[in-house]
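The values are calculated or read from the model by the stated rules, or taken from the named source; none is laboratory data. Every value quoted in this text rests on a predicted model; they were computed, and no experiment measured them. FYI the Cβ positions are ideal-geometry reconstructions off the backbone, even for glycines, and counts take in every protein chain you see. With ligands, DNA and RNA removed, areas are computed over all heavy atoms of the protein, side chains included. Shrake-Rupley method; radii C 1.70, N 1.55, O 1.52, S 1.80 Å.
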Amino acid sequence: MQATAQKVFDIDKIRQDFPLLEREMNGKPIVFLDSAASSQKPSAVIDKLNDYYRQGHANVHRGVYQLSQEATTAFEEARELVREFINAPSSKECIFVRGCTEGINLVASSYGRKFINEGDAVLITAMEHHSNIVPWQMICEERGAELRVAPVNDEGELMLDELYALMDDKVKIVSLSHVSNTLGTVNPVKAIIQKAHQKGIPVLVDGAQAIPHTQVDMQELDADFYTFSGHKMFGPTGIGVLYGKEKWLEQMPPYHGGGEMIKTVTFEKTTYNELPHKFEAGTPDISGVIGLGEAIQYIKEVGYDNISRHEHELLVYATEQLSQIEGLRIIGTAKDKASVISFLVDDIHPYDLGAILDKLGIAVRTGHHCTQPLMDQYGIPGTVRASFAFYNNRADIDRLVEGINRALKMLR
Amino acid sequence: MAEINNIQNEIIDEFAFFGDWMEKYEYIIDLGKSLPLIDEQYKDEDHLIKGCQSQVWLHADEEEGKVKFTADSDAVITKGIIALLIRVLSGQKAEDIAKSDLYFIDKIGLKEHLSPTRSNGLVSMVKQMKMYGLALNAKS
Ligand SMILES: Cc1ncc(COP(=O)(O)O)c(C=O)c1O
């Protein structure tokens with residue numbers, strides 16, 4: 001499907017693309033296992049940002065001079081790269097936002113004010129990130145609507161029958177994650193979208209944890225909204241994408257007001273700009289957009305086939321190795337998983353394990369991972385989470401296992 | 001005040017004997033594992049300081065112008081550091097607690113545990129301890 005030829009996957013070469021992996025942490029070569037929180041950046045992206053600021057910067061969409069037009073072209077070319085990357089029908093449907101959180105807030109607020117009324121309902125799931133809970137709680141409270149939560153089973157999979165049963169005609173939108181950041185579960189979003197559409201309900205997919213691992217195709221998925229963050233997919237922080245079907249975006253009121261998003265302004269009445277600009281008030285994150293475009297090029301060069309294969313191998317290897325540690329239990333054992341492993345050992349607190357791993361140069365995430373309701377369901381204070389990107393290797397996993405064993409000697 | 005600093009210096013001297021971070025952590029973990037520091041009845045919502053990572057319970061009693069602290073945490077390293085903080089501050093005069101400068105944490109190489117980004121409840125706990133000191137001092 002991708003036009004760009006995919007390189008042969010050489011993990012040692014790949015690692016050299018990420019300068020940060022050369023540094024030390026607490027005097028040890030770093031083992032970076034927190035890419036689900038934010039990924040590291042390849043030199044290509046870092047250099048692109050540098051070049052842009054050195055040679056290419058001007059405000060976009062407003063200057064008649066050459067430099068501004070160059071910046072505008074680079075900016076809009078990046079939008080086209082995004083469109084192609086997710087196979088959206090039109091680049092008008094690709095809105096630049098600050099990240100996944102802003103994408104969800106935009107839809108909750110704009111779609112919500114237009115389509116959610118008293119007595120209606122919004123349907124989410126029990127495995128959502130706070131970013132996909134709180135914006136809906138806010139709009140539900142404002143509009144007098146009900147927030148419904150579809151349950152998750154002990155393995156960390158969505159309970160589909162229950163989810164479908166909750167989709168009645170009060171539900172005005174379903175919002176769920178493609179991949180869970182805490183459990184690694186890959187949700188069957190395509191089937192869920194089909195089911196929702198049969199009942200006339202649009203669906204927003206939180207793709208923050210999916211995009212770094214798998215190819216997504218808007219026309220195949222048929223999602224009404226899909227949003228993700230650049231910083232989790234090897235791009236800069238502060239930039240993300242909200243894809244939305246034109247038919248919804250046209251009907252939705254603007255989210256923020258200001259420059260860029262207007263056609264004409266008088267004190268009596270303002271007319272709004274066309275898509276996508278209607279939702280991009282103010283000077284955008286130009287360097288972020290250009291850096292994101294470069295990250296997309298980089299992913300295409302590495303190739304999703306390679307990424308998926310390598311990460312799956314890491315997941316299988318890590319699951320095997322970790323399972324051999326006595327007392328270790330993995331939280332989230334869905335059949336279909338991305339390369340994220342949450343675990344606990346005996347009743348050892350995740351903070352203690354994480355603090356010792358830090359001293360050993362191993363970066364893992366500990367805590368509730370912004371999914372407090374999910375932790376409550378499992379009755380645990382949090383987990384230790386190791387998440388892998390395609391720049392991780394088996395040696396990283398060996399260091400992790402060794403580190404855990406050493407920490408356990410100290411903590412037991 | 002002198003007393004608080006004396007204890008801090010004592011701890012710094014003790015830690016000077018440790019060869020590396022492992023020995024320090026082993027000591028902290030042992031401290032954390034030793035007897036509970038707080039009466040079970042105080043481990044409730046009212047005494048809870050919620051961190052994102054670990055939780056802390058803190059209780060204060062006043063005895064003749066001095067504040068006696070007891071505290072606990074669900075994470076053992078956090079609890080070990082609490083034991084040190086209590087050794088320094090508990091039983092001291094309210095005024096001294098309010099004014100204290102807890103330099104020992106930095107000196108013994110554990111300052112990362114008292115950084116707000118760790119969000120383990122310790123920063124809020126120290127604030128709370130000083131607030132008790134302030135409040136009691138204002139009362140007297
Ligand atoms: C599943 C999921 N949704 C949303 C977000 C929020 O992303 P951001 O903080 O980049 O807006 C995250 C980030 O941790 C996530 O993992």
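General remarks:
- For segment A:152-196 versus segment A:86-103, the inter-centroid distance based on Cα atoms is 22 Å.
- Legend: residues in segment B:1-30 shielded by at least 10 square angstrom of accessible surface upon adding the remaining protein chains to the isolated chain (1.4 Å probe, heavy atoms) are B:Trp21, B:Met22, B:Tyr25, B:Glu26, B:Ile29.
- Computed from label points 7 Å out along Cα-Cβ, the spacing between A:Glu142 and B:Ala2 is 6.2 nm.
- Buried accessible area, chains B and A (both chains, 1.4 Å probe, Å² to nearest 100): 1600 Å²
- Note on A:Gln251 and A:Ala363: the extension gain reaches 35.9 nm, defined as 0.36 nm multiplied by sequence separation minus the Cα-Cα distance.
- Expected 222 nm ellipticity per residue - DSSP helices of 4 or more, -39500 (n - 2.57), all of chain A, to 500: -12000 deg cm²/dmol
- Average beta-carbon neighbours from other chains, 10 Å sphere, peptide B:71-77: 5
- Placing +1 on each Lys and Arg Cβ and -1 on each Asp and Glu Cβ, with no other charges, gives segment A:148-265 a dipole about its Cα centre of roughly 380 debye.
- Full-extension gain in nm, A:Arg309 to A:Tyr164, via 0.36 nm per residue minus C-alpha separation: 49.0 nm
- Angstrom value of the Kirkwood radius, inverse mean 1/r, which spans all Cα pairs in segment A:47-300: 18.8 Å
- Among A:Thr72, A:Thr371, A:Thr270: highest mean-square fluctuation, GNM of chain A, C-alpha pairs under 10 Å: A:Thr270
- Take each residue of peptide B:49-60, count the partner chain Cβ atoms within 10 Å of its Cβ, and average: the result is 3.
- Sorted largest first, extent of the protein assembly as shown alpha carbons per principal axis (Å): 72, 57, 56
- Note on A:Asn405/A:Asp346: beta-carbon distance plugged into 1/(1 + (r/R0)^6) with R0 of 22 Å gives a FRET efficiency of 0.95.
- For segment A:47-300, the solvent-accessible area works out to 40 Å² per residue, with a probe of 1.4 Å and every protein chain left in place.
- Full-extension gain in nm, A:Glu268 to A:Glu80, via 0.36 nm per residue minus C-alpha separation: 64.1 nm
- When peptides A:381-391, A:12-22 are sorted by average Cβ neighbour count within 10 Å, with the highest value leading, the order is A:381-391, A:12-22.
- Highest to lowest packing among B:123-135, A:158-170, A:232-244, A:118-130, scored as the average C-beta count within 10 Å: A:232-244, A:118-130, B:123-135, A:158-170
- Three-way shape label, segment A:305-378, alpha-carbon gyration tensor, a/c 1.5: prolate
- Counting only other chain Cβ atoms within 10 Å of each residue's Cβ, the peptide B:108-116 averages 1.
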